[in-house]
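Asks: Pasting a structure here, questions to come.
The values are calculated or read from the model by the stated rules, or taken from the named source; none is laboratory data. Source: prediction; values computed, not measured. Note that we place each Cβ from the backbone using ideal geometry, even for glycine, and neighbour counts take in every protein chain shown.
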Amino acid sequence: MDILFLGNSYYAFSIDPEVRKFIASLDKKMVGKIVNFGSAAMLNSTYKKVKAEADRVGIPIDEREFHCKGEFKGIHKGKPDEEDCKAAAEFAKSILR
């Protein structure tokens, strides 16, 4: 079974409806676990919301996640930046070790 790195952010204080539909479409025989990552300007982790959707389809979600600030309407301008991208790559590598 594979690891699914699922990138997402907040959309009207929740996860995007398309992300919900995508998680609902997953086959738990094909996805061993989900690793959550994303960025957002105002809110932090989407972990709880993604976990709730993953629980509905019976796919575990790793407790580790990556989050960084994202730009929205001029807030956190330039984010994520090169350093954030490097940190995300290191996070992914740490999951695969």
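Asks: Among the residues of segment 54-74, what is the count of those that are touching a residue at least 24 places away in the same chain (Cβ under 8 Å) and exposed (fewer than 12 other Cβ atoms within 10 Å of the Cβ)?
Replies: Pass one, segment 54-74, residues touching a residue at least 24 places away in the same chain (Cβ under 8 Å): 54, 56-62, 64-73.
Applying the additional criterion that residues be exposed (fewer than 12 other Cβ atoms within 10 Å of the Cβ) yields 56, 58, 73.
Summing the residues that are touching a residue at least 24 places away in the same chain (Cβ under 8 Å) and exposed (fewer than 12 other Cβ atoms within 10 Å of the Cβ) in segment 54-74 gives 3.
Asks: Filter segment 87-97 down to the residues that are among the charged types (D, E, K, R) and under 16 Å from the mean Cα position of the chain (by Cα) and list them by number. Please lay out each step first, then the result.
Replies: Residues of segment 87-97 that are among the charged types (D, E, K, R), as a first pass: 90, 93, 97.
Those that are among the charged types (D, E, K, R) and under 16 Å from the mean Cα position of the chain (by Cα): Glu90, Lys93.
Asks: Hey, can you tell me all the residues within segment 59-83 that are out of contact with any Phe, Trp or Tyr (no Cβ under 8 Å at 6 or more places or on another chain) and under 21 Å from Ile34 (Cβ atoms)?
Replies: Residues satisfying the conditions are Ile59, Pro60, Asp62, Glu63, Cys68, Gly70, Pro80.
Asks: Looking only at segment 48-81, count how many residues are more than 12 Å from Leu6 (Cβ to Cβ) and hydrophobic (A, V, I, L, M, F, W, C).
Replies: Adding up the residues that qualify gives 5.
Asks: Now for a separate question. Give me a count of the residues in segment 40-50 that are basic (Lys, Arg) and in contact (Cβ under 8 Å) with a residue 12 or more places away in the chain.
Replies: Selection size over segment 40-50: 1.
Asks: Further question: I want to confirm something. Restricting to segment 9-37 and keeping residues that are within 24 Å of Asp84 (Cα to Cα) and at pLDDT below 95, which single residue is surrounded by the most Cβ atoms within 10 Å (Cβ to Cβ)?
Replies: Only one residue fits best here, namely Ile15.
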